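Below is one structure; the comments refer to it alone.
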Amino acid sequence: MKYYFLKTTVVILFTAVVFSCSNSNENGYKRTKNGVLIKRITEGPDSTKAKESEIVTIRLKYRLNDSIIFNSDDIEDGSMVFPITKPIFEGDLYEALTLMGTGDSISIGVVADSFFLKSAAMQKLPEYVTPGSIMYYDIKLLDHKTSSEWQKEADKKSLQMAKQEMATLQIYLNNNKIYTDPTVNGLYFLEEKKGRGSTADTGDICQVYLSVKVLGSDNILFSNFNDKPLDFEFGQDFDTKGFREGIGLMKPGGKARFIIPSWIGISSEGQGIIDPFTTLEYEVELISIRSPADVTTE
């Protein structure tokens, strides 16, 4: 489980400024003592408010005029997870969150100039922003937990995912009648064609064709078999630990399949579109192994 931290252009501080509207109840918004416009939209069943250092899960939307300029629904999981830190000044996001309990929704209005020029540290306003216009932040607090509660839940989820990965791997091995023992690190090296010559030494340049997919899937995540071969320096931090181990077992001209569990692959964090605790399957053809001296003279 990961935190999805807000970047500076996303963790926006609700600056205490004088707003262009003077009616404190305009459109249901009220002005707080530090100058922030706020409207409570819904109140959840949780009367316990979020506290500093707790981990919060929120949905967040920024509106300017009739346009939505950011919506957390468009990102992974549709929510943002981060810890509440000490407020930078009165009226910032972290302070606003301490006014909320699980299920609460609020909307806050600030002058757009403050957002872009101060919070986002831009040199000038974007062309689509009229000076003095109001930007609204709509926040829904989905959950808040202490750090220990959050970590306990994260550990439980990670354990469940790790068990599921192992079960999926074992089912695949059984269904495909793969009886090869894994290496000490957990790599399943399935040689399809023996190569000739020597294995790679640190610093050698390996030239390969390879394809990668999630174990048991037909969806190819990457392949260069219909393109140019790929060169990389053996011993360098290339691809995954499991891939590097597999290459070290091959000789030029050899072909093999690697089954790479997450602990020597994409890890418990996942990578891009690949979920955490995912076993990958590689098809690899090692074209050549060249020494650094050979490469220099080419």
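The values are calculated or read from the model by the stated rules, or taken from the named source; none is laboratory data. All of these numbers come straight from a predicted model, not from anything done at the bench. Please note: Cβ atoms are built from the backbone with ideal geometry, for glycine as well, and neighbour counts cover all protein chains shown.
Restricting LYS213, LYS228, LYS193, LYS251 to those that are of a type in the set (Lys, Arg) and either touching a Pro at 6+ places or on another chain (Cβ under 6 Å) or under 25 Å from GLN160 (Cα atoms) (or both) reduces the list to LYS213.
Can you find, within the range 235-247, the residue that is surrounded by the fewest Cβ atoms within 10 Å (Cβ to Cβ) among those that are within 18 Å of TRP263 (Cα to Cα) and touching a residue at least 12 places away in the same chain (Cβ under 8 Å)? Among residues in the range 235-247 that are within 18 Å of TRP263 (Cα to Cα) and touching a residue at least 12 places away in the same chain (Cβ under 8 Å), the one surrounded by the fewest Cβ atoms within 10 Å (Cβ to Cβ) is LYS241.
Within the range 188-229, how many residues are under 30 Å from ALA293 (Cβ atoms) and either of a type outside the set (Lys, Arg) or modelled with pLDDT under 95 (or both)? Explain how you work it out, then say what you get.
As a first pass, look at the range 188-229 and keep what is under 30 Å from ALA293 (Cβ atoms): 189, 191, 193-210, 224-225, 227-229.
Those left that are additionally either of a type outside the set (Lys, Arg) or modelled with pLDDT under 95 (or both): 189, 191, 195, 197-210, 224-225, 227, 229.
Going through the range 188-229 one residue at a time, the tally reaches 21.
Inside the range 179-200, residues that are in contact (Cβ under 8 Å) with a residue 40 or more places away in the chain, more than 32 Å from the chain's Cα centre (by Cα) and assigned to a loop (DSSP other than H, G, I, E, B) make up a count of 7. The residues of the range 231-265 that are among the hydroxyl-bearing types (Ser, Thr, Tyr) and assigned to a helix (DSSP H, G or I) amount to a single one, SER262.
Among residues of the range 151-164 that are outside the structural domain of THR57 (by TED's automatic domain parsing) and within 17 Å of VAL56 (Cα to Cα), those with a beta-carbon under 9 Å from a residue that is of a type in the set (Val, Ile, Thr) and modelled with pLDDT of 95 or more at least six positions away or on a different chain give the pairs GLN151/ILE55.
Can you work out which of the residues in the range 36-66 that are charged (D, E, K, R) and farther than 20 Å from LYS86 by Cα is modelled with the lowest pLDDT?
To start, the set of residues in the range 36-66 that are charged (D, E, K, R) comprises 39-40, 43, 46, 49, 51-52, 54, 59, 61, 63, 66.
Then keep just the ones that are farther than 20 Å from LYS86 by Cα; that gives 39-40, 43, 46, 59, 61, 63, 66.
Values: LYS39: 91, ARG40: 92, GLU43: 93, ASP46: 87, ARG59: 95, LYS61: 91, ARG63: 90, ASP66: 83.
Among those residues, the one meeting the criterion is ASP66.
Mind checking which pairs have a first residue in the range 264-280 that is within 18 Å of ASP237 (Cβ to Cβ) and a second that is not in a loop (DSSP other than H, G, I, E, B), Cβ under 6 Å, 6 or more apart or different chains? If the second residue must be not in a loop (DSSP other than H, G, I, E, B), the pairs left are ILE264/LYS241; ILE264/GLY242; GLY265/GLY242; GLY265/LEU280; ILE266/ILE274; LEU280/VAL212; LEU280/ILE260. Taking (1) in contact (Cβ under 8 Å) with a residue 24 or more places away in the chain; (2) out of contact with any Lys or Arg (no Cβ under 7 Å at 6 or more places or on another chain) in turn, ASN176 satisfies each apart from (1). Residues that are in a strand (DSSP E or B) and of a type in the set (A, V, I, L, M) within the range 201-215 comprise ILE205, VAL208, LEU210, VAL212, VAL214, listed in sequence order. Looking across the range 226-250, the residues that are over 20 Å from SER267 (Cα atoms) and either touching a Leu at 6+ places or on another chain (Cβ under 8 Å) or among the small types (Gly, Ala, Ser) (or both) come down to LEU230, GLY248, MET250.
From ARG63, ARG59, ARG40, grab the single residue that is in a strand (DSSP E or B), in the same structural domain as ALA112 (by TED's automatic domain parsing) and more than 25 Å from the chain's Cα centre (by Cα).
Numbers: ARG63 fails: more than 25 Å from the chain's Cα centre (by Cα); ARG59 fails: more than 25 Å from the chain's Cα centre (by Cα).
ARG40 is the lone residue from the list that is in a strand (DSSP E or B), in the same structural domain as ALA112 (by TED's automatic domain parsing) and more than 25 Å from the chain's Cα centre (by Cα).
Within the range 132-155, the residues that satisfy the criterion of being of a type outside the set (A, V, I, L, M, F, W, C) and either loosely packed, with under 11 Cβ neighbours inside 10 Å or not in a helix (DSSP H, G or I) (or both) are GLY132, SER133, TYR136, TYR137, ASP138, LYS140, ASP143, HIS144, LYS145, THR146, SER148.
Taken over the range 106-131, the criterion of being small (Gly, Ala, Ser) and either at pLDDT below 85 or in a helix (DSSP H, G or I) (or both) is satisfied by GLY109, ALA112, SER114, SER119, ALA120, ALA121.
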